[in-house]
Structure formats: C-alpha cells, structure tokens
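What follows is a short report on a single structure.
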Amino acid sequence: MQQAVVISRHHHSPLWLVALSILLPTSFACLATSATNVAIPHISGYFGSTIDEANWIITSYMIANACLILMSGWLENLMGRTLLLKVFITIFTIGSLICAIASNLNIMVLGRLIQGIGGGPMTPISQAILLAAFPPDKKGIAMSLYGLAVMVFAILGPTFGGFIVDNADWQWIYLVNIPVGILSVSLIHANIEDQEIRKKVGKTDFPGMIALVLWLLSMQIVLDKGQQYNWFDCAWISWLAGFSACSLAFFIVRELECRNPLINLRLFKDKNFFIGTILSSSVNMLVFSTIVLLPQFLQNMMGYTAILSGYVLSPRIISCVLMMIFINSLMKIFDNRILIALGFFFLGISILFFININLSISFIYVAIPQVLMGVGVILVFIPVSALVLGTLPKSELSNGASLHNLCKSAVTAIIASVASTLVARHSQIHQVYLVKNLSDFNLIFQQKFAALANTFMSNSSSTFADIKTNMYLYKSLLTQSRLMAYVDVFAIFALIAFILIPLAFFLNVNTDKKKDL
C-alpha cells in the first residue's frame, strides 16, 4: 500500500514569480536542445569527427531526456517537487559546463547525456506546477506561458544557434546555461512550494526502467544509422529493430501488469488525454520537420549561412508571441476545438507553400509561411495543453504530463530521421525518372549538351569539355531530384495537417469532472 506524505510549506509567492522560477530553466533547456542541431557541423569540425559520429551529440541527449521524462512522476513522488527541480537543474547545468569545456567528442557526448538527464523532468514538472498553481479561470494564461517557454524557445533555437556559431565559439550555446541554472535554483528554492500530499513510492520498477532505456537506445540507433546502412537490407539494423520492438512490447506489458509501474499507461483510457497526446505529438512532428528540413534545404541547396537560415524561421517566433497575447481571450470566446481545427488548417497552409519551392525563391517567400505556422502552433498547442490533462485526477497530473511529453519527445526523435530518410529516398526515385531524359535519343538533351560543351571548349579540349558537360548535367540532375524530393515531403506533411483537423472535434471541452482511472 502507498502511504501519503504531508509536506508543510505555508508561504505563497505571486503567480508571476512562480511562473518565472519554473519556466526560466525550462525555456533555456529547450533553447539549447534545438540550437545544437545547427551547430553540429561546427562541433564535428572542431573535434575532427564525421557528421554521423557527431550526431551522437543529439542522440545521447534525446535518449536520456526521454527516459527521465517518463520517470518524472515517479521521481517527484520519491524526492518531492522542489528538491527534484533543484537537483535536476543542477545536473543540467553541470552537463552544460562539461559540453563547454569538452576536449574530445566522447566527453562532449557524456556532457550531452548529463544534460539530457537534467533536462528531462523540467518540461512535465513545469506543466504540472503551472496547472496546480494557477486557478481554473487562469489556466489559459498558465498554458500560454508554458507554450512560450517550450515551443517558442525551441523554435528560437536555430536562430540563436546560427547567430552563435557565425559570430562566436559554439561553446557559448552551453555556457549561457550556467548562470541561468544558478539563478533558477535560487528562484525555485524561494518561490516553489512542494505539493501538500504526495504518494510514498513503493518498490521501484527496475525491469520497466531497463526495458524503457533499451527500447529508446536501440530505437534511436536504428533511426540514426538506418539510412547510412540502407535500413533493413543490413542484418544488424534488422536485428536491432526487432530487439527495439520486443523491448517496447515488454515495457508496455510490464507497466500494465506491475503493481507499482514506472508510469501509468492506463491514462490513455482517458479520451482527452489520448486524443490530446496525438494532436500535441502531431504539432511537434509538423514544427520540427520544418526545423530540420528548411535549414537543410536553405544551407545545402540555396547557399544560406547558418544564421541566415535561422533568420528565415524567426517570423514564426514573432507570430507565436503575438498570438500568446490573444489566445487566452480567444479560448474564452470560442470553442477550443474550433481553435485547434483552425490551427491545423494554418499549419497545413503554411507547409503547403513549400510545394512551390525552387532554386530561385526569395527570402520573403520562405519567411511569410513562418508567420502562418506560428499562428497555427499557438492555436493548437495552448488549447490542447489546457485540455489534455484537464480530465485527469489531480494525483495523476505529473504522471500524465510525463507520459504526454515522452510521446512528444519520441515523435520528435523519430520525425527527424524519417524526414531526412524520405528526402533521400524520394531523391533516388526522382533520379530514376529524370535520368531517362539524359539520352542521346532526346533532341533537347543533345542541344543542351552541345551548347554547354561548346562553352567549355573555349578553355579546354573537346574531350575535357565533354567530360565537364556530363559532370555538370549530372550535378544538375542530382540537384533537381533533391529539390523534387523536398517538395514531396512537404506535401506529405501538409496532407497530415489537413487530415488531423476533424480529430480536434473528438475532444471534450468540459474538463470539470475528473475521474479515477
């Protein structure tokens, strides 16, 4: 039997100070996470490693972060809310310091692993604290602040990272977290109260914990290395994918049958929680797919610098912040399901702009859809965040926030690999079809070939001119194939956004009645 532990903390801080104390470290954790993606080529060159090796900087963080997200509810019951936050912010700060002073890639990966351990509980615990601290009529404001910290700072990451790597050393991405961490611990100690009643933890579910780690680790390796080794044509990738699936199956069965589970998977029986998790994960998928694909397209095909590609994404930050001002009022006036549906419509339209991209598009053409995306993100994210945990019992808020954020983190990890794989695969498909045009039986090709060869012959022999022409045309083929692949992938994500619109209307907007699960 689990016993209750009563915590006696009687002072009350203003709500704005509570929000500042909890959201300051959360926002900088999100900022450092997405900023690292832009800095990977610079970090790789600094340590003399390949991009594939440097990707473990991202992988190690995501694995540790996802594991600790799911364990947040259990850790809160074990340690208490205030102590949990102070300890893990300290761990995140130590990880940031290790990353900043790392002398080789292995130490850098270790630092990111420690950062992931420290950053994992911040997001779900901050959401639970805000929901518990703010009165019912101000929960919209609480979720607006939460969205500002999590979504806006995550979107700001590429711009921040691009500015750092183009104007200073990449180590500053991590150094800025050190004073923020120290200040955050002081603010939390002074302003965050522990919950009055928490469950006393029973026997620790170590088998479930091990299965979780094995699943996430094996899944991330498959996702990171799958494209490099041609996915399931490689034997060890196939075996590791099977092992990952078995680990996941064992984890699910274990958590459903265990008396003291690591996480309560039965929370998915709650309709709002289940649908809200799907919608939130889908928003992450749509937003982070563009964060991954657009900088790749702009830097590799358009020749943009890191900071310039970050500036392209910055208009969505402005629209996000502006929408934060109005979203609470909109939630009081309109049915939240309508706002969510409208948000997915804006997300679909913003991504649909990119099916017309070419190598001559202007900065403005890429930047304008970012405004629509920022509007769509807030219209979906804030109402869903307010509804997804609204029908859960108060005793399950931390567990619900942990499971909810784990799903979003897993989808984010998966989509980064899936988006890049789709581009690579579709590029190969288009090459097969376009190469048919490079034929001696194609009169247009013959004319173009002769014109280019004649141009190159002004500075070289006819033999060298023919070789150079073939190389030029093949490079053009690869460029066009990749461009068409990006168009295909953006069209897929736009279609997903439109498909999700009706799902919003299955949510229950009446969250007053809470039930036991």
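Values in this text are rule-based calculations from the coordinates and carry no lab data. On a predicted model such as this, the values are computed, not experimentally measured, just so you know. Here Cβ is always computed from backbone atoms with ideal geometry, including for glycine, and neighbour counts include all displayed protein chains.
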Gap separating the Cα centres of segment 269-335 and segment 87-143, nearest whole Å: 20
Magnitude of the Cβ-charge dipole of segment 11-196, K/R +1 and D/E -1, about the Cα centre, nearest 20 debye? 160
Which links in Lys86/Lys138; Lys448/Lys468; Lys271/Lys408; Lys269/Lys332; Lys436/Lys475 stretch past 24 Å when you go from one Cα to the other? Lys86/Lys138; Lys269/Lys332
Apply the Karplus parameterisation 6.51 cos²θ - 1.76 cosθ + 1.60, with θ equal to phi minus 60°, to every residue of segment 160-172 and state each ³J(HN,Hα) to the nearest whole Hz, in sequence, with x for glycine and proline. 4, x, x, 5, 5, 5, 8, 10, 8, 6, 4, 4, 5
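How much mean residue ellipticity at 222 nm does the chain get from its helices, if each DSSP H run of length 4 or more adds -39500 (n - 2.57) and you divide by all residues, to the nearest 500 deg cm²/dmol?
For the chain, the value works out to -25500 deg cm²/dmol.
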Would you kindly derive the ³J(HN,Hα) couplings of segment 416-424 from the backbone phi angles with the Karplus curve 6.51 cos²θ - 1.76 cosθ + 1.60 (θ = phi - 60°), listing them in order in whole Hz, with x for Gly and Pro? 4, 6, 5, 4, 5, 5, 4, 4, 5
So if I place +1 on the C-beta of Lys and Arg and -1 on the C-beta of Asp and Glu, and nothing else carries charge, what would the dipole magnitude of the chain be about its Cα centre? I want it in debye, nearest 20. 840
Once R0 is set to 25 Å, what does the formula 1/(1 + (r/R0)^6) return for the Cβ-Cβ distance between Glu53 and Val213, expressed as a FRET efficiency to the nearest 0.05? 0.70
At most 12 other Cβ atoms within 10 Å plus a DSSP loop assignment makes a site exposed; report the longest stretch of the chain without any exposed trypsin sites (Lys or Arg not before Pro). 260-512
Burial ranking of peptide ranges 352-365, 113-126 (average Cβ count within 10 Å, highest at the top): 113-126, 352-365
Relative contact order, percent, of segment 269-517 when contacts are C-alpha pairs under 8 Å separated by at least 6 residues? 36
Which whole-number percent gives the relative contact order of segment 11-196, counting Cα pairs below 8 Å spaced six or more residues apart? 41
Quick one: check the C-alpha center-to-center distance for segment 151-180 versus segment 13-52, whole angstrom. 7
Can you give me the angle between helix 443-456 and the longest principal axis of the chain, using Cα atoms only, in degrees from 0 to 90, rounded to the nearest 10? 80
Relative contact order of the chain: what whole-number percent is it, with Cα pairs under 8 angstrom and at least 6 residues apart? 20
Give me the angle, in degrees from 0 to 90, between the Cα long axis of helix 462-499 and the longest principal axis of the Cα atoms of the chain, rounded to the nearest 10. 30
What shape does segment 70-171 take by its C-alpha gyration tensor, where a ≥ b ≥ c are the square roots of the eigenvalues and a/c under 1.5 counts as rounded, a/b above b/c as prolate, and the rest as oblate? oblate
